[in-house]
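Each remark here refers to the structure printed beneath this line.
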Amino acid sequence: MAISKTLADELEKRRAVALEGGGVKKAEDRHAKGRMTARDRLASLFSEGTFQEFGLHAQHKSRHFGMEKKSIPTDGVITGTGFVDGRPVAAFSQDFTVVGGSLGEIHSKKICHTLDYAGKAGIPIIGFNDSGGARIQEGVGSLAAYGQVFYRNVQLSGVVPQISVIAGPCAGGAAYSPALTDFIIMTRENAQMFICGPEVIRAVTGQVTTMDEIGSAQAHASVSGNIHFIAEDDAHAVAIAHRLLSFLPSNNMMDPPHRVEPDLSVVDDPRLDDLVPEDPKIPFDSREVIKLLADDGDFMEVMELFAQNIVIGFGRIGGIVVGFVANQPTVKAGTLDIDASDKAARFVRFCNVFNIPIVTLVDVPGFLPGVNEERRGIIRHGAKMLFAYASATVPKITVIMRKAYGGAYLAMCSEDMGADRVIAWPTAEIAVMGADGAVNILYRKELAEADDKAAKAKELADEYRGQFATPYLAAGELFVHDIIQPRQTRSAIALTLRGLMSKRETRPPKKHGNIPL
């Protein structure tokens with residue numbers, strides 16, 4: 001039976017209303033300000049013609065106070081699936097032009113359905129957050145609706161990659177859903193994320209602050225560490241999401257998108273020989289090492305502005321996707337502090353749950369000393385790194401470039417912490433403590449009697465390194481598996497990765513470990 005013209009017209013009329021969202025005028029206003037609409041964001045994310053929408057005709061429940069006659073097309077959120085670079089991806093995009101993108105029961109139900117679908121299909125989920133928060137008219141139901149989203153974020157954690165884009169306001173309880181996801185991308189302008197705004201903080205505590213200080217992308221990227229990437233605008237945010245997905249598997253049962261060539265090229269790179277200064281006190285940029293190790297120098301750094309004394313991110317070596325963790329000698333001498341420990345530990349755990357091998361580059365003089373660090377719990381935070389590395393079962397390769405001292409040596413994935421292969425450069429120094437500290441303990445008398453204490457301290461430090469810290473001592477005890485020239489590093493890692501692709505390692509049966517949060 002053919003569909004009547006009346007029914008067809010009714011369908012098209014309803015679709016047109018839903019697709020229009022908050023109206024043409026509101027969409028034009030956003031475009032005039034250089035911002036995308038909710039549908040623009042999804043159109044930019046997915047390959048043309050691949051988006052399949054769910055819940056186009058969804059509406060709020062009319063019983064709620066003051067909402068009985070109000071039209072809320074799509075209930076303020078657009079949900080569905082599409083393809084990104086040939087791979088299926090689920091997504092939702094909150095529509096600020098429709099009642100401020102506020103979250104109510106139906107709004108939440110659509111997001112929850114999308115999350116459930118992503119879990120069942122084993123595909124990544126991307127959420128565009130642009131909402132005024134809970135829909136007050138729906139009372140406690142809107143709070144319960146948030147809880148239903150949070151619960152699913154947790155259930156999907158470690159199952160499929162979850163990426164959040166903060167493209168507008170994300171306040172109060174709404175901020176916790178992105179916080180539960182794997183990566184947060186935030187636009188530099190027009191986006192805010194906070195629990196209590198400046199007005200509330202001033203009213204409750206008397207403290208005067210600004211949105212830039214507490215809720216901006218810059219503040220979250222560099223101070224709080226709540227986000228992973230800053231995007232210049234909506235289009236840039238989508239581009240970051242695309243690039244991030246290019247390194248990630250669709251789910252925890254799949255391998256990452258490796259690009260392994262049948263024939264592995266094993267070629268030395270002399271440029272690595274020139275990166276490390278002869279003087280162990282002169283810093284060098286570990287990013288330069290990473291870029292020489294990564295295929296075509298392609299390195300996607302994560303949390304670039306936060307805890308800059310450690311560098312994390314994704315790349316490929318010999319076509320195999322890896323997660324890099326590297327001390328950064330140019331910042332705080334590469335010491336591990338509370339923020340660096342948190343940053344590295346969570347990244348290691350992400351790589352582990354999604355089958356991404358980890359390459360660790362070591363030049364660490366120790367944990368950062370200081371009263372503030374001790375009182376804030378450097379022991380607990382540093383233990384997160386030990387826990388993360390020891391519990392990871394993916395291939396783990398460690399390269400000791402220079403200093404590897406004390407407990408920080410272990411925290412950077414030593415052989416004892418489960419590294420499958422530990423490589424050292426001839427410049428490596430592996431010891432219980434740094435040379436300067438050791439001189440003050442072991443050679444106190446000689447130092448006190450010296451006429452030129454500075455010259456004597458240097459002489460004794462060199463003597464200490466030669467007697468107690470050379471890589472050959474560690475290699476003799478099999479704490480280091482090989483000592484190579486820096487130029488051989490890329491080939492050594494590539495060969496090791498290829499050999500470890502079939503690695504299988506199990507742990508004692510348990511619900512989960514109790515990481516020192």
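The values are calculated or read from the model by the stated rules, or taken from the named source; none is laboratory data. Only a predicted model underlies this, so the values are computations on that prediction, with no experimental measurement involved. A quick note on method: Cβ atoms are made from the backbone with ideal geometry, for glycine too, and the neighbour counts reach across all protein chains shown. Please note that ligands, DNA and RNA were not included when accessible areas were found on the heavy atoms of the full protein model with its side chains. Shrake-Rupley method; radii C 1.70, N 1.55, O 1.52, S 1.80 Å.
Results for (1) under 20 Å from V165 (Cβ atoms); (2) touching a Ser or Thr at 6+ places or on another chain (Cβ under 7 Å); (3) free of Cβ contacts under 8 Å to residues at least 60 places away in the same chain; (4) crowded, with 18+ Cβ neighbours inside 10 Å, shown as yes or no for each residue.
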site: K109; (1), (2), (3), (4): no, no, yes, yes
site: D116; (1), (2), (3), (4): no, no, yes, no
site: P124; (1), (2), (3), (4): yes, yes, no, yes
site: G133; (1), (2), (3), (4): yes, yes, yes, yes
site: E138; (1), (2), (3), (4): no, no, no, yes
site: S142; (1), (2), (3), (4): no, no, yes, yes
site: A145; (1), (2), (3), (4): no, yes, yes, yes
site: Q148; (1), (2), (3), (4): no, yes, yes, no
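Please give the helices (runs of 4 or more DSSP H) falling wholly within the range 436-509 in which 3 or more residues are surrounded by 15 or more Cβ atoms within 10 Å (Cβ to Cβ). Please lay out each step first, then the result.
On the way: elements: 444-449, 453-464, 471-476, 489-500.
Answer list for the range 436-509: 453-464, 471-476, 489-500.
Could you please tell me which pairs satisfy a Cβ distance under 6 Å, a separation of 6+ or placement on different chains, a first residue in the range 419-435 that is over 14 Å from G476 (Cα atoms), and a second residue that is assigned to a loop (DSSP other than H, G, I, E, B) and open to solvent by 60 Å² or more (accessible area, probe 1.4 Å)?
Close Cβ pairs (under 6 Å, with a partner that is assigned to a loop (DSSP other than H, G, I, E, B) and open to solvent by 60 Å² or more (accessible area, probe 1.4 Å)) amount to R421/H481.
Can I184 be described as out of contact with any Leu (no Cβ under 9 Å at 6 or more places or on another chain) and buried (at least 18 other Cβ atoms within 10 Å of the Cβ)? Talk me through it step by step, then tell me what you get.
Details: out of contact with any Leu (no Cβ under 9 Å at 6 or more places or on another chain): yes; buried (at least 18 other Cβ atoms within 10 Å of the Cβ): yes.
When the stated conditions are applied, I184 passes them.
Please go through the range 384-406 and give me each residue that is under 26 Å from P283 (Cα atoms) and either surrounded by fewer than 19 Cβ atoms within 10 Å (Cβ to Cβ) or among the hydrophobic types (A, V, I, L, M, F, W, C) (or both), ordered by number.
Matches in the range 384-406: M385, L386, I397, V399, I400, M401, A404, G406.
For the range 174-195, what are the residues that are assigned to a helix (DSSP H, G or I) and among the small types (G, A, S)? Spell out how you get there, then give the answer.
Quick first cut of the range 174-195, residues assigned to a helix (DSSP H, G or I) only: 174-179.
Residues satisfying the conditions are A174, A175, S177, A179.
Criterion first (open to solvent by 50 Å² or more (accessible area, probe 1.4 Å), out of contact with any His (no Cβ under 9 Å at 6 or more places or on another chain), closer than 20 Å to P88 by Cβ and of a type in the set (D, E, K, R)) does D255 satisfy it? Step through it out loud before you land on a result.
Working: open to solvent by 50 Å² or more (accessible area, probe 1.4 Å): yes; out of contact with any His (no Cβ under 9 Å at 6 or more places or on another chain): yes; closer than 20 Å to P88 by Cβ: yes; of a type in the set (D, E, K, R): yes.
Against the criterion (open to solvent by 50 Å² or more (accessible area, probe 1.4 Å), out of contact with any His (no Cβ under 9 Å at 6 or more places or on another chain), closer than 20 Å to P88 by Cβ and of a type in the set (D, E, K, R)), D255 qualifies.
Checking E374 against (1) acidic (D, E); (2) assigned to a strand (DSSP E or B); (3) free of Cβ contacts under 8 Å to residues at least 24 places away in the same chain: exactly one of these is not met. Which one?
Unmet condition: (2).
Grab the helices (runs of 4 or more DSSP H) fully contained in the range 198-247, keeping just those with 3 or more residues being open to solvent by 70 Å² or more (accessible area, probe 1.4 Å). Reasoning before the result, please.
On the way: elements: 198-205, 211-214, 234-245.
Once the helices (runs of 4 or more DSSP H) in the range 198-247 are filtered for at least 3 residues that are open to solvent by 70 Å² or more (accessible area, probe 1.4 Å), what remains is 198-205.
Have a look at K61, K70, K120 and point out the one that is out of contact with any Gly (no Cβ under 9 Å at 6 or more places or on another chain), of a type outside the set (V, I, T), surrounded by fewer than 24 Cβ atoms within 10 Å (Cβ to Cβ) and modelled with pLDDT under 95. Give the derivation first.
Numbers: K61 fails: out of contact with any Gly (no Cβ under 9 Å at 6 or more places or on another chain); K120 fails: modelled with pLDDT under 95.
Result of the check over K61, K70, K120: K70.
One residue is enough: does the range 247-259 have a residue meeting the conditions in contact with a Pro (Cβ under 7 Å, 6 or more places away or on another chain) and of a type in the set (D, E, K, R)?
Yes, the range 247-259 has at least one match.
Within the range 97-110, which residues are farther than 12 Å from G133 by Cα and not in a helix (DSSP H, G or I)? Explain how you work it out, then say what you get.
Of all residues in the range 97-110, those farther than 12 Å from G133 by Cα come to 97-98, 105-106, 109-110.
Within the range 97-110, T97, V98 meet the criteria.
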